[in-house]
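The values are calculated or read from the model by the stated rules, or taken from the named source; none is laboratory data. Just so you know, these numbers come straight off a predicted model, no measurement behind them. Cβ coordinates were reconstructed from backbone atoms using ideal geometry, including for glycine residues, and neighbour counts include every protein chain displayed.
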Amino acid sequence: MINFLTIVLIIFIVILILVLKKRSFKKLINKSNSYHIKLKKNNKFSSNKNSFLYNHEEKKYSIFYKNSQRNEMFSLFKGNTENKLKALKIAEELADKSTLPILRKGLRDISPEVVEISALLIKNFK
């Protein structure tokens, strides 16, 4: 009777060890894969220092904040060149498709600075 219980207990312990090792092995594999993905992303963006990054996964803005910034951006773009540049900074910060109308207007602007920044920002959507 004791032999049977010890054999069952040993088998249970071996199965438990195998399951725990498998979980830790999977975690180790996932950590190493995420490390390589981060390196690839960093290498991709480190080569082009003049580009505006549209990968704002860390920045989560509320709907109210986005709407207020969007309204401010549209009102600023009606002013002089300095205000247009401020509006383009807001467009860079928001980095979503709702900024495309402003960027398209910026491409047709008289000021070369506004045209250049608008082109850089709109290029990141392609």
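Considering only segment 82-96, state which residues are loosely packed, with under 15 Cβ neighbours inside 10 Å and modelled with pLDDT under 90.
The answer is ASP96, and nothing else.
List the residue pairs whose Cβ atoms are under 6 Å apart, where the first residue sits in segment 68-86 and is β-branched (Val, Ile, Thr), the second is surrounded by 11 or more Cβ atoms within 10 Å (Cβ to Cβ), and the two are 6 or more positions apart or on different chains.
Hits for this filter: THR81/SER111.
Filter segment 67-104 for residues that are under 22 Å from LYS123 (Cβ atoms), in contact with a helix residue (DSSP H, G or I) (Cβ under 8 Å, 6 or more places away or on another chain), in a helix (DSSP H, G or I) and among the charged types (D, E, K, R) and give the result.
Hits for segment 67-104 are ARG70, LYS84, LYS86, GLU92, GLU93, ARG104.
Counting only residues that are among the hydroxyl-bearing types (Ser, Thr, Tyr) and surrounded by fewer than 16 Cβ atoms within 10 Å (Cβ to Cβ), which one in segment 97-121 is nearest to PHE74 (Cα to Cα)?
Going through the qualifying residues, I end up with SER98.
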